[in-house]
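Contents: one structure, followed by commentary.
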Amino acid sequence: MPATLPSVTVSQLRAMHESADELDEFTNEYLVGKIQTVIDKAQGRWGDRIAARLASGHLTAHLYAETIGEAVFRVVRNPDGFRRENEGNYGYERSAVVAGGWLFFSSENMIDLIGYDPGATSKIGTARTSRYRGGV
């Protein structure tokens with residue numbers, strides 16, 4: 001049976017982020033649901049690995065909660081999915097992925113939770129085994 005990951009409370013979410021007032025427009029039930037969805041995704045993808053890192057101390061309970069909170073905040077900061085906003089000469093644009101309101105784990109989140117980013121390309125190059133230099 002897979003390991004069960006710890007829960008994260010709305011109170012923890014509020015305490016962790018300076019922009020916690022952004023949460024005021026959402027019901028507690030909505031936030032609890034989003035938190036649980038993030039935990040369920042992490043559980044389904046990497047539950048045993050996260051539990052092992054928590055047990056070994058390589059991942060602290062605080063960093064785990066903070067990382068879950070970051071994923072939740074990406075959704076609640078822009079629930080309407082606005083990508084661009086302009087007023088007069090001032091404007092800004094968000095990344096399409098972030099602006100879409102999708103629930104996802106960033107590369108940094110994955111490094112924090114499981115110790116590496118499974119989507120990163122290998123840093124290992126190829127080894128030359130002969131003097132052939134490809135037309136050089």
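No value in this document is a laboratory result; all are computed from the given coordinates. Since the model is a prediction, treat every value here as computed from it, not as a measurement. All Cβ positions, even for glycine, are placed from backbone atoms using ideal geometry, and neighbour counts span all protein chains on display.
Tabulated data
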| quantity | calculated |
| --- | --- |
| Normalised alpha carbon radius of gyration of the range 1-80 [divisor 2.2 N^0.38 Å] | 1.11 |
| Total formal charge among the other residues, if their Cβ is under 13 angstrom from that of L103, Lys/Arg +1 and Asp/Glu -1 | +3 |
| Formal net charge of residues neighbouring F26 (Cβ-Cβ distance under 12 Å; K, R +1; D, E -1) | -2 |
| 14 Å beta-carbon shell around L113, net charge (K/R +1, D/E -1) | -3 |
| Sequence of E22, E85 once ranked by neighbouring C-beta atoms within 10 Å, starting from the fewest | E85, E22 |
